[in-house]
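> Could you have a look at this structure, given as structure tokens, before my questions?
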Amino acid sequence: MSLNLEQYVSEFSAQNINGEHLLQLDGSKLKALGMASSQDRAVIKRKLKEMKASLEKARKAQEKMEKQREKLRKKEQEQLQRRSKKTDKCSSDATEGTNEQ
């Protein structure tokens, strides 16, 4: 509707075209849905291309964020292990010192 193509809404609804299906449509499928105007198909295809690019950008950003979180988790885990080793060493040194006395 925002593309001024509301005349196709009823056919898209009748064919159960949702967002997922919409992204899979190409020129021939749009034509089969009753979109006879090449200009209208071009508008839809251009918008679909923009949407796909936007989705891909968001997916890549999500992956990047997940990698950063994983890297941070690993770093924190390494720091905890180092601290644990230091604590164990200090405890063992203190125990040895007590045993020597």
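The values are calculated or read from the model by the stated rules, or taken from the named source; none is laboratory data. Bear in mind the structure is a predicted one, so any value in this text is a computation, not a measurement. What goes into the accessible areas is simple: the full protein's heavy atoms, side chains included, and nothing from ligands, DNA or RNA. Shrake-Rupley method; radii C 1.70, N 1.55, O 1.52, S 1.80 Å.
> Which whole-Hz couplings ³J(HN,Hα) result when phi for each residue of the stretch 58-73 is put into the Karplus expression 6.51 cos²θ - 1.76 cosθ + 1.60, θ = phi - 60°, listed in order with x for Gly and Pro?
Coupling constants for the stretch 58-73: 5, 5, 5, 5, 5, 4, 4, 5, 5, 5, 5, 5, 5, 4, 5, 4 Hz.
> Subtract the Cα-Cα distance of Glu70 and Arg83 from 0.36 nm times their separation in residues, and report this length gain in nm to one decimal. Write down the numbers at each step before the final one.
Working: separation 13, 0.36 × 13 = 4.68 nm, distance 1.99 nm.
2.7 nm is the gain from fully extending Glu70 to Arg83.
> A follow-up question, please. What's the Cα-based Rg to Rh of the chain, Rh via Kirkwood?
On the way: Rg = 29.9 Å, Rh = 18.8 Å.
Rg/Rh for the chain comes to 1.59.
> Here's a follow-up. For Lys52 and Lys29 in one chain, what is 0.36 nm times their gap in residues minus the Cα-Cα distance, to one decimal in nm? Please list the in-between numbers first.
On the way: separation 23, 0.36 × 23 = 8.28 nm, distance 1.72 nm.
Roughly 6.6 nm would be gained on extension.
> Among the aspartates and glutamates, which fall within straight-line cross-link reach of Lys86, defined as a Cα-Cα distance under 19 Å, with same-chain neighbours fewer than 8 residues apart omitted?
Qualifying aspartates and glutamates at Cα under 19 Å: Glu76, Glu78, Glu96.
> With a 1.4 Å probe and all protein chains left in place, how much accessible area per residue does the chain have, in Å²?
Numbers: 8640 Å² over 101 residues.
On a per-residue basis, the chain sits at 86 Å².
> Can you return the lysines within cross-link range of Lys89? Criterion is Cα-Cα under 22 Å, with same-chain partners fewer than 8 residues away left out.
Within the straight-line limit of under 22 Å, Lys89 reaches these lysines: Lys75.
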